[in-house]
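Right, one structure below, let's go through it.
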Amino acid sequence: MFLGSLLTVLSAAAGAFAAAGQLVQGTQYANLADTHGFIVIYPNAPTAGGCWDVHTNATLTHNAGGDSLGIASMVRFAIANYGVDATQVFATGTSSGAMMTNVLMGAYPDIFKAGSAFSGVPYGCFEGPDAWNSQCSTGQLIKTPQQWGDLVRSGYPGFTGTRPKFQFWHGTADTTLYPQNFWEDIKQWTNVFGVSQTPTSNITNDPLPGYSRASFGPNVQAILAQGVGHTVPEQANDVLNWFGITNTAPTSPPGTSVPPTGPTSAPPPPPTGGTVAHWGQCGGIGYTGPTVCESGFSCVAANAYYSQCL
Ligand SMILES: *[C@@H]1O[C@H](CO)[C@@H](O)[C@H](O)[C@H]1NC(C)=O
Ligand SMILES: *[C@@H]1O[C@H](CO)[C@@H](O)[C@H](O)[C@H]1NC(C)=O
């Protein structure tokens, strides 16, 4: 019987890799699962725009319904039927999938052991009647650490177990989910773990030139990517290291700093003109980059806030 880890990989809005099906090809997780022997679930957001419900009270609350319960049910099914080690269950996602990763950490801390979110928002930041929350997305929803922490604790009232450790990535040039959400995330998760908002370490140029990896003890890690927009590209091996699924990633040992390796490995600059590559963002409220897709692709609106070259 298989007794191993389970990874939940959450899709972005329709299209950042189009949908869950394309995440299989668009990320390295399927290959890495073969190498390291874990199971991957790729849930697909059910709405037309492909965005997860991260705003209703139901989805934000343990076992109350919504998309988060749909995902939790898949995980529970896999644990019950595929011999998954229930103590080794993880979630990662990009954009809307990152927001859902935050939701899962808050509402299902009993299921998930760790999470990693690429370009998301704090748990509860989208809370409200509408699927999209512009106040949150533009980084104007500011709360105290206590308020953010209380929101997480309200996701599963009475939960007293160990909370999942949480890593999040954000680009400083993100105009879809503004980088203020990175700083609000730090307030939230340091409060949840009762640790200082001052990093215990902050390693520059890790894992890429222009990135910095700030740790707040062993359970909270915040990686800021200078000049990177929406979304920060997946770093699958790094994420698996964080989860402890594998320790083979070519990253630096703790406490050291990797110098930039040269101009060819610099992070992509914010968009200034020209054309957008396949899968790239080409429009949406707040977006200021180029809107013309490279040859062979056209700009398709996923929702008012996100258009993409498909
Ligand atoms: C959901 O609604 C209940 C009842 O109004 C409230 O007590 C709870 O705090 C809400 N949960 C979240 C996560 O906002
Ligand atoms: C970590 O250091 C980098 C480079 O100095 C800085 O830009 C970033 O804001 C720091 N991160 C945190 C969370 O303080």
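Here the helices (runs of 4 or more DSSP H) wholly within region 66-166 that include at least 2 residues being surrounded by fewer than 17 Cβ atoms within 10 Å (Cβ to Cβ) are 66-81, 134-137, 145-155.
Picking from residues in region 87-128 that are in contact with a helix residue (DSSP H, G or I) (Cβ under 6 Å, 6 or more places away or on another chain) and hydroxyl-bearing (Ser, Thr, Tyr), the one that is nearest to residue 38 (Cα to Cα) is 92. When you look at residue 154, is it farther than 23 Å from residue 90 by Cβ, within 16 Å of ligand 1 (Cβ to nearest atom) and over 19 Å from the mean Cα position of the chain (by Cα), yes or no? Spelling it out, residue 154 is indeed farther than 23 Å from residue 90 by Cβ, within 16 Å of ligand 1 (Cβ to nearest atom) and over 19 Å from the mean Cα position of the chain (by Cα). Scanning region 41-65 for residues that are of a type in the set (A, V, I, L, M, F, W, C) and surrounded by 20 or more Cβ atoms within 10 Å (Cβ to Cβ), we see that the one that is modelled with the lowest pLDDT is 45.
Scan 200, 160 and give me the residue that is within 16 Å of ligand 2 (Cβ to nearest atom), farther than 16 Å from residue 225 by Cα and among the β-branched types (Val, Ile, Thr).
One residue alone meets the criteria, 200.
Output the residue which, of all residues in region 124-169 that are basic (Lys, Arg) and in contact with a Lys or Arg (Cβ under 8 Å, 6 or more places away or on another chain), is nearest to residue 219 (Cα to Cα).
The qualifying residue nearest to residue 219 (Cα to Cα) is 165.
Taking region 264-278 as the search range and keeping residues that are modelled with pLDDT of 70 or more and part of a loop (DSSP other than H, G, I, E, B), which one is farthest from residue 12 (Cα to Cα)? Ranking the qualifying residues of region 264-278, first place goes to 274. Exactly one residue out of 185, 206 is under 19 Å from the mean Cα position of the chain (by Cα), buried (at least 22 other Cβ atoms within 10 Å of the Cβ) and within 16 Å of ligand 2 (Cβ to nearest atom): that is 185. Somewhere in region 225-234, is a residue modelled with pLDDT of 70 or more and outside the structural domain of residue 88 (by TED's automatic domain parsing)? Within region 225-234, none of the residues are modelled with pLDDT of 70 or more and outside the structural domain of residue 88 (by TED's automatic domain parsing).
The values are calculated or read from the model by the stated rules, or taken from the named source; none is laboratory data. Predicted model only: the values in this text are computed from it and were never measured. Because the Cβ atoms are built from the backbone with ideal geometry, glycine has one as well, and the counts that use them run over all protein chains shown.
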